[in-house]
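All remarks here apply to the structure that follows.
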Amino acid sequence: MARFGCSSESAWEILVKVSQHSNTKLRGVADCLVEAAQPGSEMPQDLQQHLSLAAVQNSRDERATRRP
């Protein structure tokens, strides 16, 4: 939520998408995010890519649903 400035519902949707598309258990994705928040730590590159793509897609979906 802090990283992408989104709601808790959107954050959950992003986590689920990353989990599904990376074939990683949701808990594993969440653990990686928490660990990456620590100084000097990073997420694995493949999860970073999936996370960025899922966040962009989620943002597009939200904008599309807000338009009349």
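The values are calculated or read from the model by the stated rules, or taken from the named source; none is laboratory data. If you're wondering where the values come from, they're calculated on a predicted model, not measured in any experiment. All Cβ positions, glycine included, derive from the backbone under ideal geometry; neighbour counts span all protein chains shown. Heavy atoms of the whole protein, side chains included, go into the accessibility calculation; ligands, DNA and RNA do not. Shrake-Rupley method; radii C 1.70, N 1.55, O 1.52, S 1.80 Å.
Tabulated results
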quantity: Any hit, the range 42-60, residues being free of Cβ contacts under 8 Å to residues at least 12 places away in the same chain, in a loop (DSSP other than H, G, I, E, B), surrounded by fewer than 11 Cβ atoms within 10 Å (Cβ to Cβ) and not acidic (D, E); calculated: no
quantity: The listed residue being at pLDDT 90 or above and out of contact with any Cys (no Cβ under 7 Å at 6 or more places or on another chain), out of A2, A11; calculated: A11
quantity: Test: A11 is open to solvent by less than 40 Å² (accessible area, probe 1.4 Å), free of Cβ contacts under 8 Å to residues at least 24 places away in the same chain and hydrophobic (A, V, I, L, M, F, W, C); calculated: yes
quantity: Lone unmet requirement of (1) free of Cβ contacts under 8 Å to residues at least 12 places away in the same chain; (2) surrounded by 13 or more Cβ atoms within 10 Å (Cβ to Cβ); (3) of a type in the set (A, V, I, L, M, F, W, C) for A37; calculated: (2)
